[in-house]
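Reviewing the structure listed below.
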Amino acid sequence: MSFVGGPYAHDVFVSYAHGEDLEQAFSDLRRNQLYNWSCRMIDDLQEQIALNLSHSGRKPDVWMDHMLRSTGALEGNLTKEIRISALFVALISPFYLRSTWCQGEAQTFSDFARDFRPVERENRVFAVSIRPTDRKDWPSAFRADNLNTFLGTEFYRKLGPDPDLWDYLGFPDPLVAKDQNYWTAIKRLAADITSQLRRMRHAQEENLAPADDAPKVPGNVGSKLLLGYSHDTVARERNQLRRLLSSMEMQILPEDSDDITDPTSLERAYDRYLEQADAVVLVANEYCGTWPKDEEAGFISLQVRKAREHAKRCYMWLNVQRPDQIQTDSYSEYLKKLPEEIAKTKGELFSGQDVKGFASLIKSELAELHPGGDIPRPALLFSNLSSRTNEYKQFQEWVLDALGELDYEVIRASDSGSGQIRLDALAGPVNQSDTILVLCFDQEWDWATQFLRQLKKVSSSANANRARFVVVGPRYVPEKGIREYRNHRFRTFNDFNESSLDATSFKETLKRAIQQNVGRTAA
């Protein structure tokens, strides 16, 4: 039995091209490396989805045709399997795009899924790039009604300009390669698939009709929540919260086996899951820990700041039983401004005594967000901010405020100090966003030029009509001048004079500039 149930015998239908076989194979184990890898990858994906759904008591049913095929029309039996599948996963490669059979599978599912309104078509199709391809060549089945290609996972790293030399994740065998990037990609893809399986199951259990006017699945169903680190003294409440949220059809990241237990696992979890999480959930009390040392409220302010910087809502249960036992003076001062900090994330601060009440608050808040699975607009923010003064960090906060007030979901990346920002993992968001801001502190034009060259390599010319700015700040030095980047389709935003910078006027000017330039090509 499938997890989704109802008319769906399969939770996932896998569409793939097996590559080219050797004309004369010396072993009949499996016919070629791409086919080998694809089968193993789907096995690993199914195991991870099963782990995500383990609390439900049901296992996912993943259907994959292991018969090697390359030509011909879709047979009736295969069409039937597609129509009784809740989700569609395509392993896209050059072989896939050349296969009329594979494209027929995709079109069959797309036509079928378009008629089911409670969960939109673009939330049921997963385009997984396992080899480099040009998205302009993708079939219409992988394009939303606004012509944007569906977002998916890329199982390769872009190293240099030559795709033939790029590093493919877990190839030729994930077990041999022991590639941590491969397993991270598996977990992220499994989390997204699990989210949509929960939404599909909810639609079945609530008997939501497939009509245009059918009610949508509530926003909380399938939501991915990053359950942050808490002090040991509230471990019991945190575990109870995990169980409650799971029972409310929400997905908790990371899973039990990969939970956050120390500074290292905290950084790993936020690096791995924050980008795809819908919100961050925290439980706090009198104790904030002693790390990181440069944080005014230890791991509490660290996690709120991470949520804020990545435009993620933060929901916090602040359960202080003994105010006289607050760990540090700086934490005590931070708690005074905590409501304002949480409000900046568009989340909620809960101060009740009942963990069930906190879980219900999260459910009700998320239920009202993006009804019907509407996808929030993504914006990308890049900067050469590494170890800078508070003035620089405050300026970046203003930029985040402006994007948040425009209802963008911000994906942020900063130069770690090496002079480079790795863009290989952000190729999908780069081509999906309608706004890209590059913060160039101290007018470091050489850095900006180098970065824009990197960005151009992963940008599609099909997405030229969007707001692109190199933003100068927080000071402007006339001697360093202003550099324009018209050949990269970027405008330079410099709203400064020698007087002090006003936060309100800066944000309003930046917001107007973005609104005026979305949908226009930079001249």
Checklist outcome for this item: Share of Cα-Cα pairs in the stretch 231-351 beyond 25 Å, whole percent, is 17
Checklist entry - Whole-Hz Karplus ³J(HN,Hα) for the stretch 308-320, in order, using 6.51 cos²θ - 1.76 cosθ + 1.60 and θ = phi - 60°, x for Gly and Pro? => result 5, 5, 9, 6, 10, 5, 10, 10, 10, 9, 9, 10, 8
Next on the checklist: Spelling out what I want: for every residue of the stretch 394-407, take phi, set θ = phi - 60°, compute 6.51 cos²θ - 1.76 cosθ + 1.60 (Karplus), and round to whole Hz; glycine and proline get x.
Outcome noted: 5, 4, 5, 4, 4, 5, 4, 4, 4, 5, x, 5, 8, 6
Next on the checklist: Please list, ordered by chain and number, the residues whose modelled amide H lies under 5 Å from the amide H of residue 471; skip anything fewer than 5 residues away on the same chain.
Outcome noted: 438, 439, 440, 493
Checklist entry - What residues qualify as long-range amide H neighbours of residue 167, i.e. H under 5 Å apart, gap of 5 or more or another chain, H built at 1.01 Å from N? => result 157, 159
Item to check | Mean Cβ count within 10 Å, highest first, over the residues of peptides 196-206, 438-448 | outcome: 196-206, 438-448
Item to check | At 1.567 mPa s and 4 °C, Stokes D of the stretch 256-309 from Kirkwood alpha-carbon radius, µm² per second | outcome: 109
Next on the checklist: Taking θ = phi - 60°, what integer Hz values does the Karplus form 6.51 cos²θ - 1.76 cosθ + 1.60 yield along the stretch 42-57, in sequence order, with x for Gly and Pro?
Outcome noted: 5, 4, 5, 5, 5, 5, 5, 4, 4, 5, 5, 9, 4, 6, 7, x
Item to check | Label-to-label distance, nm, for residues given as residue 361 and residue 480 (7 Å Cα→Cβ offset) | outcome: 4.3
Checklist entry - Can you flag which of 480/507; 224/507; 216/312; 187/363 are past 27 Å Cα-Cα? => result 224/507
Next on the checklist: Can you give me the long-range amide H partners of residue 3? Hydrogens built in the peptide plane at 1.01 Å from N, cutoff under 5 Å, separation of 5 or more residues or another chain.
Outcome noted: 11, 61
Checklist entry - Given a 1.4 Å probe and every protein chain left where it sits, what share in percent of the accessible area of the stretch 216-315 is carbon and sulfur? => result 46
Checklist entry - Where does the charge balance sit around residue 321 when Lys and Arg score +1, Asp and Glu -1, over other residues with C-beta under 14 Å from its C-beta? => result -2
Item to check | Cut-off 15 Å between beta-carbons: net charge of the residues surrounding residue 296, Lys and Arg +1, Asp and Glu -1 | outcome: 0
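The values are calculated or read from the model by the stated rules, or taken from the named source; none is laboratory data. In this text the structure is predicted, and so the values were computed from the model without any measurement. Backbone-built Cβ (ideal geometry, glycine too); neighbour counts: all protein chains shown. Just so you know, the surface numbers come from the protein's heavy atoms only, side chains and all, with ligands and any DNA or RNA stripped out. Shrake-Rupley method; radii C 1.70, N 1.55, O 1.52, S 1.80 Å.
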